[in-house]
Each structure stands twice: as C-alpha cells, then as structure tokens.
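Q: Below is a structure I'd like to ask you about.
The values are calculated or read from the model by the stated rules, or taken from the named source; none is laboratory data. Because the structure is a prediction, the values reported are computed rather than measured. Please note: Cβ atoms are built from the backbone with ideal geometry, for glycine as well, and neighbour counts cover all protein chains shown. The area values use the complete protein model at the heavy-atom level, side chains included, leaving out ligands, DNA and RNA. Shrake-Rupley method; radii C 1.70, N 1.55, O 1.52, S 1.80 Å.
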Amino acid sequence: MKDDAQQQWLQNAQQFQQTMTDTWTNAFASFKNMDLGQAGAKLMAPTVKPPNISFSPEKMQELQQQFIKDATELWNNSLNGGHQLKDRRFSDPAWAANPVAAFTAAAYLLNAKTLAQMAEAVETDDKTRARIRFTVEQLTAAAAPSNFLALNAEAQKKALDTKGESITKGLQNLLKDMQQGHISMTDESLFHVGKNVATTEGAVVFENEFFQLIEYKPLTEKVFEKPFLLVPPSINKFYILDLQPENSVVRYAVAQGHHTFLVSWRNPDKSLAKATWDDYIEKAVIKAITVTQEISGSKTINALGFCVGGTMLGTALAVLAARGEKPVASATFLTSMLDFSDTGVLDLFIDEGFVSYREQEMGKGGLMKGSDLASTFSFLRPNDLVWNYVVGNYLKGETPPPFDLLYWNSDSTNLPGPFYAWYLRNTYLENNLTKPGKATVCGEKIDLNLVDIPVYIYGSREDHIVPINGAYASTQYLPGKKRFVMGASGHIAGVINPPAKKKRCYWVREDGKLPATHDQWMEGAVEHPGSWWTDWSTWLASQAGKEIPAPKTYGKGKHKVIEPAPGRYVLAKA
C-alpha cells in the first residue's frame, strides 16, 4: 500500500509539473502574441501600429526556473498541511478549511505573480510595457477563483449556512444592478441629494444651459469682502465638496467667513451634445465669475478649482488675462493639472490613435456616457472597485454598507463629445496649455505666464488620477506668488480630510522654494500631522480682504432666487 501511494504521488507530481510547464509555455506564447489593440475593450482604441515586444532569453529562463521551483513547493505544501493564503480575497477560514479551494487559490496566486513578473520583463518602450502590465492586471484580477461561485469556498459555505438564501439575494442584487446600469458600491437607497448629502443651506441664484450658480447662506455675522467661488469637475457631481456637514469643504469655507458660491454642472443630455470646451469656459466658468462679482459687488473674487475644474479655471484665467482682465484675486488648485506631461496610469489610454478615434466618434457631436467614464476609473483599481463588489453583492448576497463617498462615485455624469475630444487632444495628448500661444480658447491664445496672481496648489501623495508630479508641475508655469502643499492619501480621500477627524498628515516647505521637480521639493518639505485645510484656510483668509457685514438675502438685482440649494441640475441622472 505504501509503495502504491508513493507511486501515485509520483504520478501526480509529474502530472502537476507537466501542467505547470504547459501553463508557462502557454503564458509565454500569449505574451508574444498579445494584441494590445483590443486590450481594455472600450477603454483603449486600436493603436496606430502593433508594438514591438521581445524577451531576454536569460530572464525568461530565470523566471521559468523560479516558477517550477515555486510550483513544486506549492504541491509539497498541499501534501504537508496546506497553504498560507495572505491575499485578503482568500482570508476567510473557509478557504483554508477546503484543501481543493486552498490549492486553487495558491495556484492562482502563483500564476498571477509570474504573469506580473513576465510583464515587467518585456523588452519594449515604457508605454507598451505599462499597457501590458495593465492588461495583465485586468486579466488576473478577473480570473481570480474568488470571482466564481463554483470556486469560492466562502460563498459556498454561506450558501449552505443560509440554505440558499444568499444565492437568492445575490441574484436579486444582480438584477437590480443590471437595471440601474452599474455595480452597487454602497446601499444607494439610504442617500438622497439635498436630504442627507449636499445639505449646506443656500439658493440657486443663476442658471443657464451649462450650470446653476449656488450662493450659500453665511454662518457668520461678518464675511470677507472678496467672495469665494468653487469650480468642481464637470466630470462629476459637485457634492463631493458637500457630502456631510462634518466633511463638507463648502460648509467649512462658509464657517470660516467666506461668502461662498459654487458651480453646479448640468448633467449633459442630447441638447448639449455639440457643446465645446470654449462653451464651458466662456459660458460657465467665466460667467460664474462675472455673476459672483455682480451679486457680491466686489471687483475681484477668490476662486477654487478641483480636478478638471482646476484645469478649466486655469484656462479661464488665461483667457481673461489675454483680454487684459483680472477679476480673480487668488486661485486654489486642488489635485488639478495644467501640465499634462505626467498623467500616471491614465497615460495608458492616450495616443494619436485613441484620440483620433474619439474625435471621429464624437468630436462633432455626441455624448461621452457617464457609465463609460465611471467604468474606466473603477478598472484602474479592479480588485477594490469592481470584483470586490461582484463577490460581495452577487456571490455572497450582501448589501454593501452605506458610504457617502461611494454613493457620489456612482452618481455619474455625461460629457459633451466635442468638449471631451478637445480636452483629450489639447491636454493629455499634446499638453498644449503649457505651450504659450499653442492653444486657442474663446478666441484667445492661452499663456499661463499671464496668470500673475497668488495661487495655492494642493496635491495628494497617492493620487492615481492626478499624480503628485502632475499637481506639482503647475508651480513651474504660474508666475504669481505660490504655496504648494502635499497631503497624504489619494485623489478624493486626501482632499476630503476635515480637521476635526485629526487624520493623515500634510507637507509644506516653509522656505517657500519651488524647485524644478517634486522630488527636489520634498528634500526640504516638513511633515505636519492632521488636515491641510487649516493651512489653506489661513492662506485664503490672507487673500480675502477686510470683513464686512454678511448679506441677509440671496442674490442681487437681476439675479433672483430660482430655487433652494442644491438645485435641480445635480439631481439629473446620466
């Protein structure tokens, strides 16, 4: 019996080793034949020409030998007490308790690690290697055994424990998400815009086909004489800046004594299908500046742009400067880019072929669907923002917990095709805003060197949408007095960090020096605990002028109250 068992073990080991060798061979062949033109489906358009990729034979041999060694160790672990599954997707005890599931998970992790190593070993240009890395990440994330009910030990155990109720609930969740057109990341039934998000008191005092302007009710007896205008990204709903009273940027500004206004973008439909970048700059950002001046009676205002809103604000300021106008006394740029030379992971999608494809598709008219934009950003972090919810919602039948930020993230907006096409070419592809006179907007040659006002520039250290180098680069183009601050965390969490939470940290350079690169800036930066909001509040107050009695009513003159905040534009679904 002992000899028979040993012989069976040897046969199984030989079969496993052959399977692993075949897996290696197939993976190598797949890499060599990889069609990057199809990678990412809607996320990537066909490239202009097939990329040239090759592998170092020595590196491939090294990876193959390591793979066989790890595969043999994996097999031995299966015979000698199981596997140490450190990946959180397999952290539930049900995985370790099921030898077959544990082996499947361990084999998957080995294959995923090896494919990632092969992606790094590709000999090609940096952009092609990054695209291969991204494609491998997408494929391995999708292929995880945790994503399939037949292989997910935790989901199977829950189905048995609930006598099938979890499967029934999962199917209900799937049908609901199919009807609403996106995966639920939170319990959306618990949130209502204007009731428990976007609740700062105010009124809509102006509207046109592009935006509504909200004026907020002062919370102090006196306000600074220069009003404060916020320009959120048109790619999202504005209430990321006004989620809850305790984490609202809007309410914080109002409480600090600023007479606060905000642009609430209209969610584009077919009537805006031909709207251009010029339209949004002239008829929205510049118009909002003008109306804020008229209502407040102030010759100059302070303004803030967040993400794409910062790019739009910077463009508008350059247009005004070219006209000899200077209505904005100071500007704040939150996780915004004016220089698009370092766009991080988003650079994967940008080349002449992709941009030309989008221009042909919608450059003359059409809509970039909010659902497509949301999918693109979600798949930048597939395990956290896609498959995590597939497993929880559908395989385990769970309802995701309430989270205001994820509710906002799911409330997508469309973009007009011509606006989107211009933005792609002139920023991500050609970086024209940094080239004096290269871009023409609203009939004016854009030159950021003319935007000579004090600016506060904030970047988040772990931002994957506006990389910290991209945020910092604005310091090299705007000639006015500048203050740069870096906060911890990412694109949203780094920005929405109220002081009362006493979380995270931020960095500043007290010597005020702004060298050529962010790395050089960091050499003299000092870390401070807590929120950067207090630093910004002090800076903004120094730009806001004297204090005057707070207004008792909304609007002024021809600008009457249209409806209470948050207005109806923000309620429109994509």
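Q: Might you check whether a residue that is within 29 Å of the chain's Cα centre (by Cα), within 25 Å of residue 537 (Cα to Cα), open to solvent by 10 Å² or more (accessible area, probe 1.4 Å) and of a type in the set (A, V, I, L, M) occurs anywhere in the stretch 283-291?
A: Yes, the stretch 283-291 contains a residue that is within 29 Å of the chain's Cα centre (by Cα), within 25 Å of residue 537 (Cα to Cα), open to solvent by 10 Å² or more (accessible area, probe 1.4 Å) and of a type in the set (A, V, I, L, M).
Q: Still on this model: Restricting attention to the stretch 150-171, does a residue exist that is assigned to a loop (DSSP other than H, G, I, E, B), within 21 Å of residue 383 (Cβ to Cβ) and open to solvent by 70 Å² or more (accessible area, probe 1.4 Å)?
A: So in the stretch 150-171, the residues assigned to a loop (DSSP other than H, G, I, E, B) come out as 150-152, 162-164.
Pick out the ones that are also within 21 Å of residue 383 (Cβ to Cβ) and you get 150-152.
Then keep just the ones that are open to solvent by 70 Å² or more (accessible area, probe 1.4 Å); that gives 150-151.
Scanning the stretch 150-171, I find at least one residue that is assigned to a loop (DSSP other than H, G, I, E, B), within 21 Å of residue 383 (Cβ to Cβ) and open to solvent by 70 Å² or more (accessible area, probe 1.4 Å), so the answer is yes.
Q: Could you pull out the residue among 230, 219 that is part of a strand (DSSP E or B) and either at pLDDT 95 or above or buried (at least 24 other Cβ atoms within 10 Å of the Cβ) (or both)?
A: Working: 219 fails: part of a strand (DSSP E or B).
Matching residue, one of 230, 219: 230.
Q: Residue 488 fails exactly one of the following numbered conditions: (1) more than 19 Å from residue 381 (Cβ to Cβ); (2) in contact with a Cys (Cβ under 9 Å, 6 or more places away or on another chain); (3) among the small types (Gly, Ala, Ser). What is the number of that condition?
A: Of everything listed in (1) more than 19 Å from residue 381 (Cβ to Cβ); (2) in contact with a Cys (Cβ under 9 Å, 6 or more places away or on another chain); (3) among the small types (Gly, Ala, Ser), residue 488 misses just condition (1).
Q: Among the residues that make up the stretch 259-275, is at least one of them touching a Ser or Thr at 6+ places or on another chain (Cβ under 9 Å), part of a helix (DSSP H, G or I) and either without any contact (Cβ under 8 Å) to a residue 12 or more places away in the chain or of a type outside the set (Lys, Arg) (or both)?
A: no
Q: In this structure, does residue 141 turn out to be of a type in the set (A, V, I, L, M, F, W, C), modelled with pLDDT of 90 or more, in contact with a Phe, Trp or Tyr (Cβ under 7 Å, 6 or more places away or on another chain) and within 30 Å of residue 346 (Cβ to Cβ)? Steps first, please.
A: Values: of a type in the set (A, V, I, L, M, F, W, C): yes; modelled with pLDDT of 90 or more: yes; in contact with a Phe, Trp or Tyr (Cβ under 7 Å, 6 or more places away or on another chain): yes; within 30 Å of residue 346 (Cβ to Cβ): yes.
For residue 141, the condition - of a type in the set (A, V, I, L, M, F, W, C), modelled with pLDDT of 90 or more, in contact with a Phe, Trp or Tyr (Cβ under 7 Å, 6 or more places away or on another chain) and within 30 Å of residue 346 (Cβ to Cβ) - is met.
Q: Here is a list of conditions, (1) open to solvent by less than 30 Å² (accessible area, probe 1.4 Å); (2) modelled with pLDDT of 95 or more, and residue 429 meets all of them except one; can you say which number that is?
A: Unmet for residue 429, out of (1) open to solvent by less than 30 Å² (accessible area, probe 1.4 Å); (2) modelled with pLDDT of 95 or more: (1).
Q: Anything in the stretch 217-234 that is more than 13 Å from residue 253 (Cα to Cα) and hydroxyl-bearing (Ser, Thr, Tyr)? List them, or say none.
A: Passing the criteria: only 234.
Q: Check whether at least one residue in the stretch 443-457 is surrounded by fewer than 22 Cβ atoms within 10 Å (Cβ to Cβ), farther than 27 Å from residue 490 by Cα and hydrophobic (A, V, I, L, M, F, W, C), and report yes or no.
A: Yes, there is a match, as at least one residue in the stretch 443-457 is surrounded by fewer than 22 Cβ atoms within 10 Å (Cβ to Cβ), farther than 27 Å from residue 490 by Cα and hydrophobic (A, V, I, L, M, F, W, C).
Q: Determine which single condition residue 67 fails, assuming it passes every other condition in (1) open to solvent by less than 60 Å² (accessible area, probe 1.4 Å); (2) farther than 18 Å from residue 147 by Cα; (3) at pLDDT below 90.
A: (3)
Q: Continuing with the same structure: Would you point out which residue out of 354, 349 is of a type outside the set (Ser, Thr, Tyr) and touching a Phe, Trp or Tyr at 6+ places or on another chain (Cβ under 9 Å)? Spell out the reasoning first.
A: Working: 354 fails: touching a Phe, Trp or Tyr at 6+ places or on another chain (Cβ under 9 Å).
Only one candidate passes the filter, namely 349.
Q: State the number of residues belonging to the stretch 325-340 that are within 16 Å of residue 479 (Cα to Cα) and either in a helix (DSSP H, G or I) or small (Gly, Ala, Ser) (or both).
A: Adding up the residues that qualify gives 3.
Q: Same structure again: Among (1) out of contact with any Phe, Trp or Tyr (no Cβ under 9 Å at 6 or more places or on another chain); (2) at positive phi, there is one condition residue 468 misses while meeting the rest; what is its number?
A: Evaluating residue 468 over (1) out of contact with any Phe, Trp or Tyr (no Cβ under 9 Å at 6 or more places or on another chain); (2) at positive phi leaves (2) as the failure.
Q: Now a separate question. Can we say residue 280 is in a helix (DSSP H, G or I) and surrounded by 24 or more Cβ atoms within 10 Å (Cβ to Cβ)? It would help to see each step written out before you state the result.
A: Working: in a helix (DSSP H, G or I): yes; surrounded by 24 or more Cβ atoms within 10 Å (Cβ to Cβ): yes.
Judged against the criteria, residue 280 is a match.
Q: Could you figure out which of (1) hydroxyl-bearing (Ser, Thr, Tyr); (2) part of a helix (DSSP H, G or I); (3) open to solvent by 10 Å² or more (accessible area, probe 1.4 Å); (4) free of Cβ contacts under 8 Å to residues at least 60 places away in the same chain isn't true of residue 489?
A: The one condition residue 489 does not meet is (2).
Q: Could you go through the stretch 375-389 and let me know if any residue there is in contact with a Ser or Thr (Cβ under 6 Å, 6 or more places away or on another chain) and among the small types (Gly, Ala, Ser).
A: Step one: filter the stretch 375-389 for residues in contact with a Ser or Thr (Cβ under 6 Å, 6 or more places away or on another chain), giving 385-386.
Filter again for among the small types (Gly, Ala, Ser), leaving none.
Within the stretch 375-389 (the criterion being in contact with a Ser or Thr (Cβ under 6 Å, 6 or more places away or on another chain) and among the small types (Gly, Ala, Ser)), the answer is no, since none of the residues qualifies.
Q: Here's a follow-up. Return the only residue of 271, 296 being open to solvent by 10 Å² or more (accessible area, probe 1.4 Å), more than 24 Å from the chain's Cα centre (by Cα), over 30 Å from residue 500 (Cβ atoms) and modelled with pLDDT of 95 or more.
A: Only one candidate passes the filter, namely 271.
Q: Take the residues of the stretch 534-548 that are under 20 Å from residue 475 (Cα atoms) and touching a helix residue (DSSP H, G or I) at 6+ places or on another chain (Cβ under 9 Å): which is surrounded by the fewest Cβ atoms within 10 Å (Cβ to Cβ)?
A: The qualifying residue surrounded by the fewest Cβ atoms within 10 Å (Cβ to Cβ) is 537.
Q: Next question. Which of the residues spanning the stretch 512-533 are within 19 Å of residue 474 (Cβ to Cβ), free of Cβ contacts under 8 Å to residues at least 60 places away in the same chain and in a loop (DSSP other than H, G, I, E, B)? Let's see the steps before the verdict.
A: Let us first name the residues in the stretch 512-533 that are within 19 Å of residue 474 (Cβ to Cβ), namely 512-522, 524-525, 532.
Still in the list and also free of Cβ contacts under 8 Å to residues at least 60 places away in the same chain: 512-522, 524-525.
Of everything in the stretch 512-533, those that are within 19 Å of residue 474 (Cβ to Cβ), free of Cβ contacts under 8 Å to residues at least 60 places away in the same chain and in a loop (DSSP other than H, G, I, E, B) turn out to be 512, 513, 514, 515, 516, 517, 524, 525.
Q: Those residues that are buried (at least 19 other Cβ atoms within 10 Å of the Cβ) and within 21 Å of the chain's Cα centre (by Cα), I need them from the stretch 465-483; list them, please.
A: 465, 466, 467, 468, 470, 471, 472, 473, 474
Q: Right, next: Checking residue 235 against (1) modelled with pLDDT of 95 or more; (2) in a loop (DSSP other than H, G, I, E, B); (3) under 21 Å from residue 419 (Cβ atoms); (4) in contact with a strand residue (DSSP E or B) (Cβ under 7 Å, 6 or more places away or on another chain), only one condition comes out false. Which one?
A: (1)
Q: Collect the residues in the stretch 327-372 that are without any contact (Cβ under 8 Å) to a residue 40 or more places away in the chain and in contact with a strand residue (DSSP E or B) (Cβ under 9 Å, 6 or more places away or on another chain), keeping them in residue-number order.
A: Passing the criteria: only 327.
Q: Filter the stretch 70-111 for residues that are in a helix (DSSP H, G or I), of a type in the set (D, E, K, R) and within 27 Å of residue 384 (Cβ to Cβ); which is most open to solvent (accessible area, probe 1.4 Å)?
A: Filtering the stretch 70-111 for residues in a helix (DSSP H, G or I) gives 70-79, 88-90, 93-97, 99-111.
Within this subset, residues satisfying the condition of being of a type in the set (D, E, K, R) are 70, 73, 88-89.
Right, trim to within 27 Å of residue 384 (Cβ to Cβ) and you get 70, 88-89.
Values: 70: 28, 88: 140, 89: 57 Å².
Across the stretch 70-111, the extreme among qualifying residues is 88.
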